[in-house]
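Comments concern the structure below.
The values are calculated or read from the model by the stated rules, or taken from the named source; none is laboratory data. Please read these numbers as outputs of a predicted model, since none were measured by experiment. Here the Cβ is made from the backbone with ideal geometry for all residues, glycine too, and neighbour counts use every protein chain on show. For the accessible areas, the whole protein counts, side chains as well, though only heavy atoms, and no ligand, DNA or RNA atoms are used. Shrake-Rupley method; radii C 1.70, N 1.55, O 1.52, S 1.80 Å.
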Amino acid sequence: MIYWLGEILAQYYGPFRLLTSHLVLSGLSVLSCFVLSFFLLPRLMNKLPRDRGRNHAVQGAVAAGKPTGAGVIFVSLFVVVELLFLPLSIEVLGILLLTFGAMMSGWLDDKSVTSWGEYKKGLIDMALAIAAAFLLSGMKDVEIWLPFTSQMFLLPLWLFVPLATILLWATINSTNCTDGVDGLSGTLTAFAFTSLGSLLYFILGHKEIANHLLLPHYADGANWGMMAFSMVGCILGYLWYNANPSILLMGDAGSRALGFLLGVFVIKSGNPFCILIVSAVLMVNGGTGLVKVAIMRFFKVAFLKNVRFPLHDHMRHNKGWSNTQVLVRFALIQVMITLTLLIFLIKIR
């Protein structure tokens, strides 16, 4: 809205052109997301439901009684801020709507007396992922780029949609499974969104830099980068209160929306393998547990039976790591993976 307003007002007063600058709008959007989250979360958290604790999780009783579902606040703020500052398109509006839908599905489960159950939540996640896959495809074949080659590959629509759906479903549920240690899910997603935002805004969204690095240029890359940075602002506002020992939890309302956006930004980067660069720790921590449960439940095969999942529970229960050690060590591993693989990928290109 503000972008289009700037275009109109710039005809009458030159400085209004700043309102059409992606850099200015990005800064205002990030700042708004952080400030609004920082000030509204503590004022609204007493209206949130209370965590019931999880018997299967290590130290699950510690979270019992804390306000949960904070994602309903900061994700709603994110959607409103983006509607104000982001140059809008049908694709962007659709993703914002689906993000809100992912948040609402988690929020309704957070406030429900009895959990919705794995299958119900899984089907809802699948529906959201399918809708997003079709939306992001533009209903046509999609070009992607891969590591170790400068060639572009055309992925037919019939193959892109199921692969994108699987990726989105995996990021939603891996992020949800990682939300078991104070600050962990928020920190890892903040790192991922910062990396993806930088890639989309400064590299893929910049024609000269993209061409120099033999990478594709996306005219809307800056818009998606702005969106990623804005969510980082919301996450930072939330992490202020979720730092160990936390007084507030994001719940499924936050983790499912963050996981959904993570998958969207990876798809918009044009390289599905970016998920292994920007979010390897999160995917291993949460995703391997999903694989273990699926193999044991559907194939009746004992798989990694001596390893607890999510992996952060194994580190706390079997290795004696504290919550702070889990957070710092997982974050350090992710930073090293991201820096090493990004440099290696760009050098190879």
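Overview of values
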{"read-out": "Residue count for the stretch 271-309, restricted to those that are of a type outside the set (G, A, S), under 13 Å from S174 (Cβ atoms) and modelled with pLDDT under 85", "value": "6"}
{"read-out": "Residue satisfying condition, being part of a helix (DSSP H, G or I) and more than 28 Å from V281 (Cβ to Cβ), within set L167, L97", "value": "L97"}
{"read-out": "Qualifying residues in the stretch 235-257 (those that are farther than 21 Å from R52 by Cβ and modelled with pLDDT of 95 or more) - the one surrounded by the fewest Cβ atoms within 10 Å (Cβ to Cβ)", "value": "W240"}
{"read-out": "Only listed residue being buried (at least 24 other Cβ atoms within 10 Å of the Cβ) and at negative phi, chosen from V232, V266", "value": "V266"}
{"read-out": "Boolean, F193 is within 20 Å of the chain's Cα centre (by Cα), of a type outside the set (D, E) and under 25 Å from L97 (Cα atoms)", "value": "yes"}
{"read-out": "Subset of the stretch 209-229 [touching a Pro at 6+ places or on another chain (Cβ under 8 Å) and either at pLDDT 95 or above or crowded, with 20+ Cβ neighbours inside 10 Å (or both)]", "value": "N223"}
{"read-out": "Search result, residues across the stretch 99-124 that are touching a helix residue (DSSP H, G or I) at 6+ places or on another chain (Cβ under 8 Å) and small (G, A, S)", "value": "G101, A102, S105, G106, S115, G122"}
{"read-out": "Residue that is nearest to G101 (Cα to Cα), among those in the stretch 141-154 that are out of contact with any helix residue (DSSP H, G or I) (no Cβ under 6 Å at 6 or more places or on another chain) and not hydrophobic (A, V, I, L, M, F, W, C)", "value": "E143"}
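Matching residues to (1) without any contact (Cβ under 8 Å) to a residue 24 or more places away in the chain; (2) closer than 27 Å to L311 by Cα; (3) open to solvent by 10 Å² or more (accessible area, probe 1.4 Å):
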{"position": "P162", "(1), (2), (3)": "no, no, yes"}
{"position": "L167", "(1), (2), (3)": "no, yes, yes"}
{"position": "D179", "(1), (2), (3)": "no, yes, yes"}
{"position": "A192", "(1), (2), (3)": "no, yes, no"}
{"position": "L196", "(1), (2), (3)": "no, yes, no"}
{"position": "F202", "(1), (2), (3)": "yes, no, yes"}
